[in-house]
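Participant: One structure, as structure tokens, below. Some questions next.
The values are calculated or read from the model by the stated rules, or taken from the named source; none is laboratory data. Values in this document were obtained by computation on a predicted structure and should not be read as measured data. We place every Cβ from the backbone using ideal geometry, glycine too, and count neighbours over all the protein chains shown.
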Amino acid sequence: MVAFIGVTLAEASHAQGTPEQRMACTEDAFKFCGADIPDVPRITACMIKNLKQLSPVCRAQFKETDDLKRTSKRTPKRKGER
């Protein structure tokens, strides 16, 4: 089973990432974190630890996730939204 670098997704159902994230990072996951497969939280920690060494395509997946987190924190909620 090819495990993905969870890119710190909150929901367990998304723990293995999107197909795009898996495609971008599978090779790096095996290269840098093979000993941690299939433990997604350990893979995620390992990938973050090795972020500067990841391929540009994989590194971009981490940046996109980080950008989304920051954007969602800044987006003000409309009146009546929870």
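Participant: Please determine whether any residue of the range 18-41 is among the charged types (D, E, K, R), surrounded by fewer than 16 Cβ atoms within 10 Å (Cβ to Cβ), part of a helix (DSSP H, G or I) and under 10 Å from the mean Cα position of the chain (by Cα). Step through it out loud before you land on a result.
Facilitator: Taking the range 18-41 as the starting set, the residues that turn out to be among the charged types (D, E, K, R) are 20, 22, 27-28, 31, 36, 39.
Applying the additional criterion that residues be surrounded by fewer than 16 Cβ atoms within 10 Å (Cβ to Cβ) yields 20, 27, 31, 39.
Next cut, part of a helix (DSSP H, G or I) only: 20, 27, 31.
Restricting the remaining residues to those that are under 10 Å from the mean Cα position of the chain (by Cα) gives none.
Looking through the range 18-41, none of the residues is among the charged types (D, E, K, R), surrounded by fewer than 16 Cβ atoms within 10 Å (Cβ to Cβ), part of a helix (DSSP H, G or I) and under 10 Å from the mean Cα position of the chain (by Cα).
Participant: Kindly check whether there is at least one residue in the range 59-74 that is surrounded by 15 or more Cβ atoms within 10 Å (Cβ to Cβ), in a loop (DSSP other than H, G, I, E, B), touching a helix residue (DSSP H, G or I) at 6+ places or on another chain (Cβ under 8 Å) and at pLDDT 90 or above.
Facilitator: Taking every residue of the range 59-74 in turn, none turns out to be surrounded by 15 or more Cβ atoms within 10 Å (Cβ to Cβ), in a loop (DSSP other than H, G, I, E, B), touching a helix residue (DSSP H, G or I) at 6+ places or on another chain (Cβ under 8 Å) and at pLDDT 90 or above.
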